[in-house]
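Novice: Let me give you the structure first, and then I'll get to my questions.
Quick note: the coordinates plus some simple rules give every number you see, no bench work behind them. The shown structure was predicted, so the numbers you read here are calculated from the model rather than taken from an experiment. Here the Cβ is made from the backbone with ideal geometry for all residues, glycine too, and neighbour counts use every protein chain on show.
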Amino acid sequence: MTNFRYSSVEINDEVANALEKGRNVVALETTIIVHGLPAPANLEVAEECEAAVREAGSVPATIGVLDGRVVVGLSAAQLRSLADPDRHAAKLSARDLGLALANRGDGATTVAGTISIASRVGIEVMATGGLGGVHRDVRDSFDESADLTALSRNQVLVIASGVKSILDIGATLERLDTLGVPVAGFRTDRFPGFYQSESGFSLDWSLADETEAALAFLAHRELSSTGFLVANPINPESELSVELHDRALSSALERARALGVSGKEVTPVLLAEFARYTAGASVAVNRELVVANASLAGRISAAIAKERV
Ligand code: PSU
Ligand code: MN
């Protein structure tokens with residue numbers, strides 16, 4: 001392990017070397033692994049994402065907090081330990097990181113937590129499943145994911161299959177507009193709907209290929225301090241049917257209401273109820289889309305490294 005710039009951050013040697021040479025590194029988050037997907041699929045997905053990044057010619061850096069240290073590039077054993085239910089790893093957004101470190105805690109990082117670490121160590125690309133956003137009951141709860149504000153503050157390109165369909169998608173797109181975060185579809189001008197290839201919302205911008213994504217991001221970086229969202233839809237043949245999706249969604253929203261959950265517990269409860277209601281079908285879709293996003297992240301990251309020189 002190499003200490004790099006910050007004493008509280010450990011970067012594994014492979015990632016540190018890649019960053020020094022060409023920067024073609026892709027950050028991967030751990031909240032989806034620890035709080036978003038059930039075992040044993042969770043660790044399999046983590047492994048598949050790392051393999052997809054490598055196959056695409058980039059170096060994966062799975063990020064989390066272990067024993068009060070930020071680790072950039074968790075080993076398989078470290079990741080297994082973080083996901084061990086007995087560890088009760090916390091869900092860490094950007095604002096939680098300092099406190100978790102001072103507390104010598106363990107934690108999985110959300111998109112917000114992951115990109116704020118990534119941008120500080122020089123990683124420019126990150127992959128996730130579905131970005132967080134504005135919740136449907138926002139008028140009462142004020143619940144809007146810190147993923148959005150983190151994207152407005154960190155110059156990282158995030159690849160996601162849209163935002164989670166448990167959210168108010170239109171309101172989330174409006175907030176991304178206000179926050180100055182560009183949203184571009186990868187080979188589509190339709191905004192994806194996470195478990196579904198399309199959400200009913202259209203996009204102003206679409207990217208033809210990885211090179212165009214790299215060029216747009218590099219130009220954006222020069223002119224703006226915000227991040228960049230690339231929306232990559234699930235293959236339509238793999239998506240959840242509208243019918244099953246909508247029934248599962250009602251059930252999930254009802255369950256969250258009945259349990260009275262709020263704050264950081266809302267999203268994990270909704271995703272878990274989706275998995276239960278669809279008998280694992282939502283997990284299979286989530287798995288396929290996040291691995292596809294990791295692969296695209298690896299290809300775009302390689303294209304960025306190539307275009308920069
Ligand atoms: N994508 C998934 N599953 C997940 C997440 C993303 O397919 O569980 C996680 C990410 O870590 C994201 C978080 O940052 O959900 C959003 O949580 P919240 O709504 O509490 O901000
Ligand atoms: Mn929230």
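Novice: Inspect all residues belonging to the range 49-67 and state whether any of them is within 20 Å of residue 285 (Cβ to Cβ), surrounded by fewer than 19 Cβ atoms within 10 Å (Cβ to Cβ) and touching a residue at least 12 places away in the same chain (Cβ under 8 Å).
Specialist: Among the residues of the range 49-67, not one is within 20 Å of residue 285 (Cβ to Cβ), surrounded by fewer than 19 Cβ atoms within 10 Å (Cβ to Cβ) and touching a residue at least 12 places away in the same chain (Cβ under 8 Å), which makes the answer no.
Novice: In the range 116-123, is there at least one residue being in contact with a helix residue (DSSP H, G or I) (Cβ under 8 Å, 6 or more places away or on another chain), away from ligand 1 (no atom under 13 Å from the Cβ) and in a loop (DSSP other than H, G, I, E, B)?
Specialist: Checked against the condition, which is being in contact with a helix residue (DSSP H, G or I) (Cβ under 8 Å, 6 or more places away or on another chain), away from ligand 1 (no atom under 13 Å from the Cβ) and in a loop (DSSP other than H, G, I, E, B), the range 116-123 yields at least one hit.
Novice: When you scan the range 206-281 for helices (runs of 4 or more DSSP H) that lie fully inside it, which ones turn up with 1 or more residues that are polar (S, T, N, Q) and out of contact with any Asp or Glu (no Cβ under 9 Å at 6 or more places or on another chain)?
Specialist: Answer list for the range 206-281: 242-259, 266-277.
Novice: If you take the residues in the range 249-283 that are of a type in the set (Val, Ile, Thr) and closer than 26 Å to residue 45 by Cα, which one is nearest to ligand 1 (Cβ to nearest atom)?
Specialist: Once the filter is applied, the top-ranked residue is 267.
Novice: In the range 91-135, how many residues are out of contact with any Lys or Arg (no Cβ under 9 Å at 6 or more places or on another chain) and among the hydroxyl-bearing types (Ser, Thr, Tyr)?
Specialist: Selection size over the range 91-135: 2.
Novice: Taking only the range 175-208 into account, find how many residues are surrounded by fewer than 21 Cβ atoms within 10 Å (Cβ to Cβ) and without any contact (Cβ under 8 Å) to a residue 24 or more places away in the chain.
Specialist: Total meeting the criteria: 9.
Novice: From the list 234, 169, which residue is over 21 Å from residue 94 (Cβ atoms) and surrounded by 24 or more Cβ atoms within 10 Å (Cβ to Cβ)?
Specialist: 234
Novice: Is it the case, given these coordinates, that residue 151 is closer than 18 Å to residue 292 by Cα, more than 11 Å from ligand 2 (Cβ to nearest atom) and hydrophobic (A, V, I, L, M, F, W, C)?
Specialist: no
Novice: May I pose another question? Kindly provide the set of residues from the range 168-205 that are over 19 Å from the mean Cα position of the chain (by Cα) and of a type in the set (Val, Ile, Thr), ordered by number.
Specialist: Of everything in the range 168-205, those that are over 19 Å from the mean Cα position of the chain (by Cα) and of a type in the set (Val, Ile, Thr) turn out to be 178, 188.
Novice: Still on this structure, please answer the following. Please go through the range 129-140 and give me each residue that is within 15 Å of ligand 2 (Cβ to nearest atom) and either touching a strand residue (DSSP E or B) at 6+ places or on another chain (Cβ under 6 Å) or not in a helix (DSSP H, G or I) (or both), ordered by number.
Specialist: 130, 131, 132, 133, 134, 135, 136, 137
Novice: Any residue in the range 79-107 that is of a type in the set (Ser, Thr, Tyr) sitting within a Cβ distance under 6 Å of a residue that is assigned to a helix (DSSP H, G or I) and surrounded by 18 or more Cβ atoms within 10 Å (Cβ to Cβ)? List the pairs, counting only those 6 or more apart or interchain.
Specialist: Partner pairs satisfying both residue conditions: 93/112; 93/113; 93/146.
Novice: Right, something else. Checking the condition touching a Ser or Thr at 6+ places or on another chain (Cβ under 9 Å) and of a type in the set (Ser, Thr, Tyr), which residue from 226, 211 passes?
Specialist: Going through 226, 211 in turn, the sole match is 226.
Novice: Filter the range 143-182 for residues that are closer than 23 Å to residue 269 by Cα and assigned to a loop (DSSP other than H, G, I, E, B); which is nearest to ligand 1 (Cβ to nearest atom)?
Specialist: That would be 145.
Novice: Please state which of the following conditions residue 257 fails to meet, knowing it meets all the rest: (1) under 30 Å from residue 276 (Cβ atoms); (2) in contact with a strand residue (DSSP E or B) (Cβ under 9 Å, 6 or more places away or on another chain); (3) surrounded by fewer than 20 Cβ atoms within 10 Å (Cβ to Cβ).
Specialist: (2)
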